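Reviewing the structure listed below.
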Amino acid sequence: EAQVTQNPRYLITVTGKKLTVTCSQNMNHEYMSWYRQDPGLGLRQIYYSMNVEVTDKGDVPEGYKVSRKEKRNFPLILESPSPNQTSLYFCASSFGTNSPLHFGNGTRLTVT
Amino acid sequence: DQQVKQNSPSLSVQEGRISILNCDYTNSMFDYFLWYKKYPAEGPTFLISISSIKDKNEDGRFTVFLNKSAKHLSLHIVPSQPGDSAVYFCAARWRGNQFYFGTGTSLTVIP
């Protein structure tokens, strides 16, 4: 089944403890991106990647890192999480930016 | 600053009637627009899209209209069905690789 898989679905952590949210797609998509969804703000793009080893900042990249060492994986790294990064995170992928995005089911992150 | 706005947080429609969801944007450089539908505890799923060179695109019960001069996008669902009840997001593409999303409109179709 074609899908974007995010793990974990839920994560509660404390301020400053490094964490990684994984994202994997099995559709051979070139384009991948991360979004956060907050009440009243919709989905905001954090980082995106046009292909392996090519990443760039989206609208709200502060406090996040990404890597794209393989085509299928695009992990989101929070080196020192803070409470304002408490949010619902979505990973998405597509063949290119002319194609619709396929989204994962989301990761609910709480930073205390 | 929100570049894509959905000013109606919620909408209720009777089954069988038309649902009209609206979206406004500020950046005239957006060149591709999409609508996504989202159920609780799931990621958004693609519904329909339109290029900035067109003013209408249809797919079954779903039609998207684009008014570039007004910087306005709308999604029409006819006839509305209870299964259409979900949150709808509009999105716009900029510079070919960045996407901006609206805040969403929660549609309830009443049987």
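Of the residues that sit in the range A:54-83 and are touching a Lys or Arg at 6+ places or on another chain (Cβ under 6 Å) and assigned to a loop (DSSP other than H, G, I, E, B), which one is nearest to A:His102 (Cα to Cα)?
Top of the filtered list is A:Phe74.
Each residue in the range A:6-19 was checked for being away from every other protein chain (no Cβ under 14 Å) and surrounded by 14 or more Cβ atoms within 10 Å (Cβ to Cβ), and 3 pass. The set of residues in the range A:102-112 that are in a strand (DSSP E or B), within 14 Å of chain B (Cβ to nearest Cβ) and surrounded by 20 or more Cβ atoms within 10 Å (Cβ to Cβ) comprises A:His102, A:Phe103, A:Thr107.
Regarding B:Leu66, is this residue more than 29 Å from A:Asn105 (Cβ to Cβ), more than 11 Å from chain A (Cβ to nearest Cβ), at pLDDT 95 or above and assigned to a strand (DSSP E or B)? Taking the combined requirement at face value, the residue satisfies it. Taking the range B:89-110 as the range and being over 10 Å from B:Cys23 (Cα atoms) and not hydrophobic (A, V, I, L, M, F, W, C) as the test, the residues that pass are B:Arg93, B:Arg95, B:Gly96, B:Asn97, B:Gln98, B:Tyr100, B:Ser106, B:Thr108. The residues of the range B:69-111 that are polar (S, T, N, Q) and away from every other protein chain (no Cβ under 14 Å), listed by number, are B:Ser69, B:Ser74, B:Ser80, B:Gln81, B:Ser85, B:Thr108.
If you go through the range B:56-63 one residue at a time, do you hit one that is assigned to a strand (DSSP E or B) and surrounded by 20 or more Cβ atoms within 10 Å (Cβ to Cβ)? Steps first, answer last, please.
Looking only at the range B:56-63, we keep the residues that are assigned to a strand (DSSP E or B), and these are B:56-59, B:62-63.
Restricting the remaining residues to those that are surrounded by 20 or more Cβ atoms within 10 Å (Cβ to Cβ) gives none.
Taking every residue of the range B:56-63 in turn, none turns out to be assigned to a strand (DSSP E or B) and surrounded by 20 or more Cβ atoms within 10 Å (Cβ to Cβ).
Pull up the range B:34-54, narrow it to residues that are β-branched (Val, Ile, Thr) and farther than 17 Å from B:Trp94 by Cα, then point me to the one that is surrounded by the fewest Cβ atoms within 10 Å (Cβ to Cβ). Restricting to residues being β-branched (Val, Ile, Thr) and farther than 17 Å from B:Trp94 by Cα, the top hit is B:Thr45.
Residues in the range A:43-77 that are away from chain B (no Cβ under 14 Å) and among the aromatic types (Phe, Trp, Tyr) were compared, and the one that is surrounded by the fewest Cβ atoms within 10 Å (Cβ to Cβ) is A:Tyr64.
So if I check each of A:Ser93, A:Ser99, which one is in contact with a Phe, Trp or Tyr (Cβ under 9 Å, 6 or more places away or on another chain), at pLDDT 95 or above and either in a strand (DSSP E or B) or within 14 Å of chain B (Cβ to nearest Cβ) (or both)?
A:Ser93
For beta carbons closer than 8 Å, sequence separation of 6+ or different chains, a first residue in the range B:38-53 that is in contact (Cβ under 8 Å) with a residue 60 or more places away in the chain and a second that is of a type in the set (Val, Ile, Thr), the qualifying pairs are B:Lys38/B:Thr45; B:Lys38/B:Val87. Hey, any hits in the range A:31-42 for a residue that's within 11 Å of chain B (Cβ to nearest Cβ), of a type in the set (Lys, Arg) and either surrounded by 18 or more Cβ atoms within 10 Å (Cβ to Cβ) or in contact with a His (Cβ under 9 Å, 6 or more places away or on another chain) (or both)? Checking the range A:31-42: at least one residue is within 11 Å of chain B (Cβ to nearest Cβ), of a type in the set (Lys, Arg) and either surrounded by 18 or more Cβ atoms within 10 Å (Cβ to Cβ) or in contact with a His (Cβ under 9 Å, 6 or more places away or on another chain) (or both).
The values are calculated or read from the model by the stated rules, or taken from the named source; none is laboratory data. This one's a predicted model, so the numbers in the text were calculated from it and none came from an experiment. Heads up, the Cβs are rebuilt from the backbone with ideal geometry, glycines too, and the neighbour counts pull from every protein chain shown.
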